[in-house]
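Just below is one structure, and these are the notes that go with it.
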Amino acid sequence: MFGVILWGYALTLLVTRVERPYVDFPVLYSAGSAVLHGKSLYTAVPAFWYPPFAAAFFAPWALLSESQAASVYAWVQVCLPTAAAALVGVHLSCKHRLLASGLCAVLLLNAAVFADKLFIGNPSLLLLFPLVVIVAAWCRGRWVTGALVLGLTLAIKPMLLLLLAMPLLRRQFKAVGCAVAVAVATNLLALPLAHDWARVADLPIRVATARDMHGSFEVYDVSLRSVGLLHPAWSSVLLLLRVALGTGVLVLLWRTRKWTMTFSTVMVVAGALALCLPVVGSLNEVHYCVLALPACWCMAKQSHGVPAQVLALAALAVLSLDLGLGGVHLYDRQEQVRWALGSALALGACCIIHPERQALRRSWPRLHLGRSLR
């Protein structure tokens, strides 16, 4: 009964969240149109900084008018992450799947970091679904299946690149090879469609220096590095925090070698890897923070330890609640600190999980002997 009520509320929220994307989608649409019409991709659309396959991926949208395509995309970028949230809920509770999936859907649709960023139209929001699918496959030992999905995401946007560390650590070299092969092969196949060979070779450099085109982009980013540059008084503390979080992720990966990995635990480790580059590194725009939500939902249970649970709930509060900042401009420095803090809290919570303690109580021989992630 409560599950039906939650899903009714979730569907009502879903309809209200559909919003025309104004910022990034026109660029993606123009790139798809350039591919359809045989134009020089990166010359015709200078603001397009994605691999060639991303333009081919968005080419079907260009078969519609831009207004029609934007309307369809508005629904997709709400429905696909909602499906991902529902899938997380289904895996978190075997007995109350309708209730848990509805709760996760409501939490996503109510999260400020998701709802406030839909007008951007960045494909990062769409990557929430493949992230959950990859985790669902890997926790069942289907490494190649998850790797194929990962390869497709890397071909469009390499946000989830560090997820390759999980099969690599487990010596699943076939899965790593499949992911890399899919990412490379799809872009090689799409390369002739770009009609821009020279600028494709310069793409990594142009992405790294893109902020020079419009001045400082630091206020657009929510990495700890960017916050430190805009708030010099905190730079030393934030540098130490970056080092601590980066080290924590490495230690987390090392510790997972002996864990019995459930869906929840794999999601937390995957969440840590997905957050590591944007939080500890740079070039992290506000919409990347959505990747923190599934890991936080998993850590809200006590199975990962009370310290991780407390930090995860704090991260959810920062990322989801309004906190009285509803009138703040999207790229205001105060809001930038908010998103950076929420992401850092989520990453810190991922680094201190202790699911092996639960496994030790249930089955010491299994923990001692097995490497169930293989």
Exercise. For ALA34, state whether it is out of contact with any Lys or Arg (no Cβ under 7 Å at 6 or more places or on another chain) and either acidic (Asp, Glu) or open to solvent by less than 40 Å² (accessible area, probe 1.4 Å) (or both).
Key: yes
Practice problem: Scan (1) at pLDDT 90 or above; (2) open to solvent by less than 40 Å² (accessible area, probe 1.4 Å); (3) among the β-branched types (Val, Ile, Thr) for the single condition THR16 breaks and write down its number. | Solution: (2)
Exercise. Could you please find all residues in the range 242-265 being assigned to a helix (DSSP H, G or I), crowded, with 20+ Cβ neighbours inside 10 Å and in contact with a Leu (Cβ under 8 Å, 6 or more places away or on another chain)?
Key: LEU245, VAL249, THR256, SER264
Quiz prompt | Subset of the range 1-56 (residues that are among the hydroxyl-bearing types (Ser, Thr, Tyr) and farther than 30 Å from LEU99 by Cα) | solution = TYR22, TYR29, SER30, SER33, SER40, TYR42, THR43, TYR50
Exercise. Working only within the range 171-198, note down all residues that are modelled with pLDDT under 90 and in contact with a Leu (Cβ under 9 Å, 6 or more places away or on another chain).
Key: LEU193, ALA194, HIS195, ASP196, TRP197
Quiz item: Name the pairs: first residue in the range 224-251 and touching a residue at least 40 places away in the same chain (Cβ under 8 Å), second residue exposed (fewer than 15 other Cβ atoms within 10 Å of the Cβ), Cβ to Cβ under 6 Å, at least 6 apart or on different chains?
Solution: LEU230/ARG333
Practice problem: Quickly run through the range 117-135 and pick out the residues that are open to solvent by 10 Å² or more (accessible area, probe 1.4 Å), aliphatic (A, V, I, L, M) and modelled with pLDDT under 95. | Solution: LEU126, LEU127
Quiz item: Does the range 59-116 hold any residues that are closer than 27 Å to ALA190 by Cα, open to solvent by less than 20 Å² (accessible area, probe 1.4 Å) and in contact with a Gly (Cβ under 6 Å, 6 or more places away or on another chain), and which are they?
Solution: ALA59, ALA62
Quiz item: Among the candidates VAL306, VAL279, which residue alone is modelled with pLDDT of 80 or more, open to solvent by less than 10 Å² (accessible area, probe 1.4 Å) and more than 23 Å from LEU87 (Cα to Cα)?
Solution: VAL279
Quiz item: Which residue, of CYS104, CYS94, is more than 17 Å from the chain's Cα centre (by Cα) and not β-branched (Val, Ile, Thr)?
Solution: CYS94
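The values are calculated or read from the model by the stated rules, or taken from the named source; none is laboratory data. Values in this document were obtained by computation on a predicted structure and should not be read as measured data. All Cβ positions, even for glycine, are placed from backbone atoms using ideal geometry, and neighbour counts span all protein chains on display. Surface accessibility is based on the protein's heavy atoms, side chains included, excluding ligands, DNA and RNA. Shrake-Rupley method; radii C 1.70, N 1.55, O 1.52, S 1.80 Å.
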